Every structure is written in C-alpha cells, then in structure tokens.
1. Take the conditions within 15 Å of the ligand (Cβ to nearest atom), surrounded by fewer than 13 Cβ atoms within 10 Å (Cβ to Cβ) and part of a loop (DSSP other than H, G, I, E, B) and apply them to His31. Does it pass?
2. Mind checking which residues of the stretch 47-73 are part of a loop (DSSP other than H, G, I, E, B) and surrounded by 18 or more Cβ atoms within 10 Å (Cβ to Cβ)?
3. Can you pull out every residue in the stretch 51-76 that is free of Cβ contacts under 8 Å to residues at least 40 places away in the same chain and of a type in the set (Phe, Trp, Tyr)?
4. Applying the selection to the stretch 87-99, what residues are modelled with pLDDT of 95 or more and part of a loop (DSSP other than H, G, I, E, B)?
5. Under 30 Å from Gly28 (Cβ atoms), out of contact with any strand residue (DSSP E or B) (no Cβ under 9 Å at 6 or more places or on another chain) and in a helix (DSSP H, G or I): does that describe Glu111?
6. Got a sec? Which of Thr139, Thr163 is within 22 Å of Leu26 (Cβ to Cβ) and modelled with pLDDT under 95?
7. Please enumerate the residues belonging to the stretch 77-103 that are over 12 Å from the mean Cα position of the chain (by Cα) and within 14 Å of the ligand (Cβ to nearest atom).
8. Can you run down the residue pairs with Cβ atoms below 6 Å, 6 or more apart or on separate chains, where the first is in the stretch 109-132 and over 12 Å from Phe51 (Cα atoms) and the partner is within 11 Å of the ligand (Cβ to nearest atom) and modelled with pLDDT under 95?
Amino acid sequence: MFLAVLPSFAADSIAAIDKDKVSIFLDGARHAGDCKLEESLLLTELHQLHFPAGWRIAIVCTSLRWQQILQQRDLHYNTRGFTNLKSQLTVLDGVIFREFPSNYRHIIAHELAHIQCQCRDETMAERIARDLEHAAKLTQDAARIAGKQIPQAIPASDLPEKTGSLVAPRFSLKDH
Ligand SMILES: [Zn+2]
C-alpha cells in the first residue's frame with residue numbers, strides 16, 4: 001500500500017521525534033502492557049529490515065481502531081499496512097503480529113521497499129521486498145553458521161525513541 005498525500009496521522013502533534021532513530025508508536029494502546037508483544041516482534045524484525053533514521057512506525061493495536069483508519073482513509077478492507085513517504089510514516093495493523101513471522105516480515109519488507117524505491121509501484125515494491133527478505137534470511141543463516149544467535153532484544157542504546165500512544169489524529173486530508 002502506498003499513500004501519496006501528506007496525511008494528518010497526528011504527525012504534527014508528536015513532539016520530540018528523534019531524527020537519528022526509528023520511532024515506534026503504539027496507537028490504540030490503553031494500558032501499559034497493551035501491544036507490547038507486537039512491539040517486541042517489530043523490534044526483532046528491525047534488526048534485519050533497516051528503516052531510515054527519523055522514520056516513524058505506528059502499530060495500530062486494536063482491530064476497531066484499524067477499521068476506523070481504513071474507513072477514514074478510504075483504504076481497501078484487507079489492507080495490512082501503508083506508508084506515507086512525505087510524512088515518513090509507516091502504519092501497520094497490529095493483528096499481523098499474531099500471524100506467522102514470514103507473513104508480517106513480508107508486510108514490513110513491502111513497506112520498507114516503498115521507502116527504498118521512493119515509489120508507489122506495487123510490482124517494484126514486491127520485487128524489492130523479496131530481495132530484502134532474502135538478504136535478511138542470508139544474514140540469519142550466516143549468523144547461525146557462525147554459531148551466533150541473532151539478538152532477540154535490541155541493546156538499550158539502540159532502542160528507538162519510545163513515545164507511547166498517538167494523540168488523537170485529525171483526518172482532514174484525503175490520503176489518495
Ligand atoms: Zn504497497
């Protein structure tokens with residue numbers, strides 16, 4: 001999925017984005033523990049799938065909230081994630097993290113592919129995504145051969161900026 005027009009996904013209301021790191025937002029999390037599994041699984045994937053510094057990734061933590069976002073943005077009902085290049089924002093349906101890792105890895109890689117090609121071309125994005133997934137697998141295999149484990153937890157110094165829930169977004173602009 002690709003969104004061309006600058007959305008108003010609370011982009012202006014989030015203070016203190018760290019330009020040197022990827023920031024992760026948990027949208028729709030109501031309690032401290034909500035969405036923590038999804039967040040940790042995403043962090044693991046980010047070891048292999050490198051989003052640019054300053055990029056923001058939002059995990060939408062409830063199906064209800066995801067449905068709202070899809071409706072407000074006039075997106076297809078089976079959209080699992082989308083990216084806005086202009087506002088440097090990728091938004092993921094949290095439900096994907098309850099599926100097989102290969103499934104959500106592909107969705108994340110697909111969104112990263114849009115960022116790398118700076119394009120809306122879905123065929124191109126799919127091709128790049130497959131390359132990214134392949135490279136990630138090679139890295140994992142190499143680490144395994146070397147007798148090392150891919151780290152499951154990012155050192156504290158590498159953790160993205162933690163910013164908590166998104167402020168209520170304004171959906172005044174059409175996304176596409
Ligand atoms: Zn796409």
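1. Working: within 15 Å of the ligand (Cβ to nearest atom): no; surrounded by fewer than 13 Cβ atoms within 10 Å (Cβ to Cβ): yes; part of a loop (DSSP other than H, G, I, E, B): yes.
So His31 does not fit the description; no.
2. To start, the set of residues in the stretch 47-73 that are part of a loop (DSSP other than H, G, I, E, B) comprises 47-55, 61-62, 73.
Selection gives Gln48, Leu49, Phe51, Trp55, Cys61, Arg73.
3. Within the stretch 51-76, just Trp66 meets the criteria.
4. To start, the set of residues in the stretch 87-99 that are modelled with pLDDT of 95 or more comprises 88-99.
Listed by number, the residues that qualify are Gln88, Glu99.
5. Numbers: under 30 Å from Gly28 (Cβ atoms): yes; out of contact with any strand residue (DSSP E or B) (no Cβ under 9 Å at 6 or more places or on another chain): no; in a helix (DSSP H, G or I): yes.
No, not satisfied.
6. Details: Thr139 fails: within 22 Å of Leu26 (Cβ to Cβ).
None of the other options fit; the residue is Thr163.
7. So the first thing to find is which residues in the stretch 77-103 are over 12 Å from the mean Cα position of the chain (by Cα), and the list is 77-79, 85-87, 95, 98-103.
Within the stretch 77-103, Asn78, Thr79, Leu85 meet the criteria.
8. Listed pairs, sorted by first residue: Arg120/Phe2.
The values are calculated or read from the model by the stated rules, or taken from the named source; none is laboratory data. As the structure is a prediction and not an experimental result, all values here were calculated from the model. FYI the Cβ positions are ideal-geometry reconstructions off the backbone, even for glycines, and counts take in every protein chain you see.
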